[in-house]
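K.L.:
Next up is a structure, given as structure tokens.
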Amino acid sequence: MTPAPPTISSDVQYCKMDDGARIAVRRWSGPQKQRLLISHGNGLAIEGFYDFAEALFDSFEVIAFDLRNHGSSPRDPHPENPWPRYIADVPQIFNGVEQLYGQRETHGAFHSMAAVSTLCAQTLNPSPWASLTLFEPPLAPSDNAAVQETFNAAQEVMSSRALRRRRTFADPAELAASFGRAATFGGIPIRALDRLANASLLHTDASSAEPWELVLPPEAEARNFAQATSLSQYWDALTGIKIPIQLVTGDPEVHDLPNLVAIAHHMSKTFGYPVSSIPNSNHFMQLQDAHSCAQKVKDFAARSVEYSNTINQETK
């Protein structure tokens, strides 16, 4: 058996949630005036996004975290409806990061599940984000039945697919190879697939022929997909969010989940969020084109800070 490659994160710390769960966080860059928090989507792990993070080191102190029951975050019982818990975690992680690393002007750049959890959290218990760049948050609109129906159907398909996912592996390389064979992971560098595979597995039984097990069990990943159809209840409350938000999508010409692009554009039309796309990419754009995605974050954060400074001067 080939040992797993070393992880990037050697300094993992933990934010404790109000239900006792612990969220793994780590600072990947040196201190900067501006901080950026990043996290991932359903069934993934943040170490797969290291190239994206590294492209931001020149502008931000980058703090990466794994969602509960993902990556380096310790396993906890998975709720029947996990979304309220994911949403409640976000402001607690924000506060926990400040306790661990001190206060900074803080921006966020979140993929998929982390993106929608952060967005919904802003309607309930808002955090003082300087800006948010959200990569395809899966939040179906409550005011567009056609888009909502397409989204719900896609979630059921992905939930069924997740239930059939292989649970254990002889070696992390097997999971990385599986990622590499999937069309949806096309264009992602091998190093990113290796990191993602290694961080998505837990060594559980050295005596087994397949001692590596998915950190997030297939049934939990499936539940996350299936229950995401309930998130439309937060749609109307997005009108109350007052922080700068931009949406970034994959390329609508080649995207394998075009419903997520449609949602982003409907969100932009309804709430005024600017939206743009990354050419020749899909839902995993941050892994496929790390530098273009990082530039989107940098440019928007700079514009948001400049706008905030102007407003502050005008109100003095």
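K.L.:
Checking a compactness column here: for the range 1-126, what do you get for Rg(Cα) / (2.2 N^0.38 Å), N being the number of residues?
P.N.:
On the way: Rg = 14.1 Å, N = 126, 2.2 N^0.38 = 13.8 Å.
Relative to the rule-of-thumb radius for its length, the range 1-126 sits at 1.02.
K.L.:
Give the Kirkwood hydrodynamic radius (Å, one decimal) of the range 215-257, defined as one over the mean of 1/r across all pairs of different Cα atoms.
P.N.:
Evaluated on the range 215-257, it is 13.7 Å.
K.L.:
For the charge dipole of the range 96-162, defined by +1 on Lys and Arg C-beta atoms and -1 on Asp and Glu C-beta atoms about the Cα centroid, which residue among 114, 160, 101 has the Cα displaced farthest towards the positive pole?
P.N.:
Comparing the listed Cα positions along the dipole, 101 ranks first.
K.L.:
Over all alpha-carbon pairs of the chain, lay out the pair-distance distribution in 10 Å bins, whole %, shortest bin first.
P.N.:
Percent of pairs per bin, in order: 6, 28, 38, 23, 5, 1, 0.
K.L.:
Using a cut-off of 14 Å between beta-carbons, work out the net charge of the residues near residue 192 (Lys and Arg +1, Asp and Glu -1, residue 192 not included).
P.N.:
-3
K.L.:
At 7 Å along the Cα-to-beta-carbon direction for both residue 18 and residue 142, put a label point, then send me their distance in nm to one decimal.
P.N.:
It is 2.2 nm.
K.L.:
Figure the gain on full extension for residue 306 and residue 203 (residue separation times 0.36 nm, minus the Cα-Cα span) and round it to one decimal in nm.
P.N.:
Full-extension gain reported as 32.4 nm.
K.L.:
How big is the antiparallel share of DSSP beta bridges in the chain, given as a percent to the nearest 5? Can you show the working numbers first?
P.N.:
Values: 12 of 34 bridges.
Taking every DSSP beta bridge with both residues in the chain, the antiparallel ones total about 35 percent.
K.L.:
Any chance you could check the Cα centroid distance between the range 37-81 and the range 129-206 for me, in angstrom?
P.N.:
For the range 37-81 versus the range 129-206, the Cα centre distance is 13 Å.
K.L.:
For a Förster distance of 41 Å, can you work out the FRET efficiency between the beta-carbons of residue 98 and residue 291, rounded to the nearest 0.05?
P.N.:
For R0 = 41 Å, the calculated efficiency reads 0.90.
K.L.:
Packing-wise, with mean Cβ within 10 Å as the measure, how do 217-229, 42-54 rank, highest first?
P.N.:
42-54, 217-229
K.L.:
While we're here: Per residue, how much space in cubic angstrom lies within the convex hull of the C-alpha atoms of the range 190-316?
P.N.:
Given the Cα convex hull of the range 190-316, per-residue volume reads 173 Å³.
K.L.:
One quarter of the convex hull surface, Cα atoms only: what value does that give for the range 69-187 in nm²?
P.N.:
Numbers: hull surface 41.0 nm².
With the hull built on Cα positions only, its mean projection is 10.2 nm².
K.L.:
With +1 assigned to the C-beta of every Lys and Arg and -1 to the C-beta of every Asp and Glu, and no other charges, what is the dipole magnitude of the chain about the Cα centre in debye, to the nearest 20?
P.N.:
340 debye
K.L.:
Moving on to the next point. To check you understand DSSP bridge types, tell me what percent of the beta bridges within the range 15-91 (both residues inside) are antiparallel, rounded to 5.
P.N.:
Numbers: 5 of 9 bridges.
Looking only at bridges with both residues in the range 15-91, the antiparallel portion is about 55 percent.
K.L.:
Sticking with this one: Could you please rank 157, 305, placing first whichever residue has the fewest other Cβ atoms within 10 Å of its Cβ?
P.N.:
In order of increasing Cβ crowding within 10 Å: 157, 305.
K.L.:
Further, regarding this structure: Please give the helix 190-199 orientation as an angle from the longest Cα principal axis of the chain, in degrees from 0 to 90, rounded to the nearest 10.
P.N.:
Rounded to the nearest ten degrees, it is 80.
K.L.:
Tally Lys/Arg at +1 and Asp/Glu at -1 over every other residue whose Cβ is under 10 Å from the Cβ of residue 27; what's the total?
P.N.:
Numbers: positive: 26, 35; negative: 11, 61.
Net charge around residue 27: 0.
K.L.:
Angle, helix 290-314 long axis vs. longest principal axis of the chain, Cα atoms, 0 to 90°, nearest 10?
P.N.:
Roughly 30 degrees between the two axes.
K.L.:
Okay, next question. When the chain is fully extended, how far beyond the present Cα-Cα distance does residue 32 get from residue 57, taking 0.36 nm per residue of separation?
P.N.:
Details: separation 25, 0.36 × 25 = 9.00 nm, distance 0.87 nm.
Going from the current span to full extension adds 8.1 nm.
K.L.:
Separate question: Would you work out the relative contact order for the chain, in percent, from Cα pairs under 8 angstrom that are 6 or more residues apart?
P.N.:
Details: 592 pairs, mean separation 66.8, N = 316.
Over the chain, the number comes to 21 percent.
None of the figures in this text is laboratory data; all of them are computed from the coordinates on show. Bear in mind the structure is a predicted one, so any value in this text is a computation, not a measurement. Glycine also receives a Cβ, built like all others from the backbone with ideal geometry; neighbour counts cover every protein chain displayed.
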